[in-house]
């Protein structure tokens, strides 16, 4: 037998390519080569991972549990058909636009206070909408590719359809309000939701991969995530969208 | 552990959200280790930990007990780490924003001051070299290598996560090992002879 290649040694180290085993034992030169590789790869195990504090598990649970609680509310209330979310979008946007009309005739001070409250309500509603959208996109990005056959994504598709309607309302309101950044993000999100809503309800592994790639290429999940957390942070003290 | 994981998973699926706490507590450190090895960044790794458990919770209905819960969870963690690194490469401004949003340390000061057992056993110089060489690998090489070396995933599993063929996956691992070897061999040999 010829001497094994470096690639064969590497596979052997990881428990594959066991056909070279006898040769490695019999050939002194190859045994030395393999041991040199072993030393290097064993040393990699010393790659330092920062230690966590003793109550790390509790801290992770505190953070995750809090976010789960919030998500559970969508699950039990508005997550399924999202009709409630759509009704909420109509209500919020309607109140916001009606308020703008009334504001023109109202005394300046009173109008300013009211404007702040309405924008805050809208801010929170957009934050909720973004979180719901993030959840459906995450579902798609992480869906396991079907080994054979097709994966049923009709649930995600229906959800995207419902979100699309709220998204349009929020985007138009943001544009009317001169909030270019929010309008731009919602426009981008709308394109992704459109692709999902108008795509097939059952996808092959290749189609799922393509869908995933498109979501990733646009970086929309991260944009939504950043925006959502900014909205959340500023909802408590900001009055501008 | 697998049995108790299955029990906890069954309870969560039956609507007992609190049962998820046991799973989070049991796996959070190992998810952090995987995430840190993949991203090489503590803040990103913390983000991966939280996001992994949230995603797993949301997708629990899709989990089938064919693989252990841990394996399934680490798959989610490695996929999210990959998403994060890809996003960083493709959208540096967005990724910078994400880091800023993490606010430094998402869980407060979670790093312990105490040195880990590896740090005590191995020379600092070797560890530093391993760290710097891993950081110089391409994202694909590093991911393939970490999943094979530390997580023991098969070539097929790694290929499926990375969207690569079996051969391309093997070559990513080979390249990573060759680079590590070039960087570490002189150092490791000198340690071995002193």
Notebook entry, point to check: So how many residues does the stretch A:142-189 have that are in a helix (DSSP H, G or I) and buried (at least 18 other Cβ atoms within 10 Å of the Cβ)?
Noted result: 20
Note to self: Quick check on this structure: which one of B:185, B:157 is within 18 Å of the chain's Cα centre (by Cα) and in a helix (DSSP H, G or I)?
What the structure shows: B:157
Margin query: Take residue B:68 and tell me if it is at pLDDT 75 or above and in the same structural domain as residue B:20 (by TED's automatic domain parsing).
Written below: yes
Next item on the list: Would you check which residues across the stretch A:4-37 are more than 46 Å from the chain's Cα centre (by Cα) and without any contact (Cβ under 8 Å) to a residue 24 or more places away in the chain and list them?
Entry: A:22, A:23, A:24, A:25, A:26, A:28, A:31, A:32
Next item on the list: Go through the stretch B:169-194 and give me each residue that's more than 9 Å from chain A (Cβ to nearest Cβ) and surrounded by fewer than 16 Cβ atoms within 10 Å (Cβ to Cβ).
Entry: B:182, B:186, B:190, B:193, B:194
Next item on the list: Please specify each residue of the stretch A:200-221 satisfying the condition of being part of a loop (DSSP other than H, G, I, E, B), in contact with a helix residue (DSSP H, G or I) (Cβ under 9 Å, 6 or more places away or on another chain) and farther than 22 Å from residue A:131 by Cα.
Entry: A:200, A:201
Next item on the list: With respect to residue B:33, determine if the residue is surrounded by fewer than 21 Cβ atoms within 10 Å (Cβ to Cβ), facing another protein chain (nearest Cβ under 10 Å), under 30 Å from residue A:43 (Cβ atoms) and modelled with pLDDT of 70 or more.
Entry: yes
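Across the stretch A:58-73, what is the number of residues that are modelled with pLDDT of 90 or more and either buried (at least 18 other Cβ atoms within 10 Å of the Cβ) or in the same structural domain as residue A:135 (by TED's automatic domain parsing) (or both)? First the steps, then the outcome.
Narrowing the stretch A:58-73 to residues modelled with pLDDT of 90 or more: A:58-64.
Right, trim to either buried (at least 18 other Cβ atoms within 10 Å of the Cβ) or in the same structural domain as residue A:135 (by TED's automatic domain parsing) (or both) and you get A:59-61, A:63-64.
Matching residues across the stretch A:58-73 total 5.
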Next item on the list: Would you confirm whether any residue within the stretch B:47-55 is modelled with pLDDT under 90 and over 20 Å from residue A:215 (Cβ atoms)?
Entry: no
Note to self: Testing residue A:1 on (1) more than 14 Å from chain B (Cβ to nearest Cβ); (2) at pLDDT 85 or above, one condition comes back false. Which one is that?
What the structure shows: (2)
Next item on the list: Please give the helices (runs of 4 or more DSSP H) falling wholly within the stretch B:77-154 in which 1 or more residues are modelled with pLDDT under 90, facing chain A (nearest Cβ under 7 Å) and more than 23 Å from residue B:190 (Cβ to Cβ).
Entry: B:92-102
Next item on the list: List the number of the failed condition for residue A:172; all other conditions in (1) modelled with pLDDT of 85 or more; (2) more than 28 Å from residue B:159 (Cβ to Cβ); (3) touching a helix residue (DSSP H, G or I) at 6+ places or on another chain (Cβ under 6 Å) hold.
Entry: (3)
Notebook entry, point to check: Could we say that residue A:16 is within 10 Å of chain B (Cβ to nearest Cβ) and not in a helix (DSSP H, G or I) here?
Noted result: yes
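The values are calculated or read from the model by the stated rules, or taken from the named source; none is laboratory data. Being a predicted model, the structure only gives us computed values, none of them experimental. Note: ideal-geometry Cβ built from the backbone for every residue, glycine included; neighbour counts use all protein chains shown.
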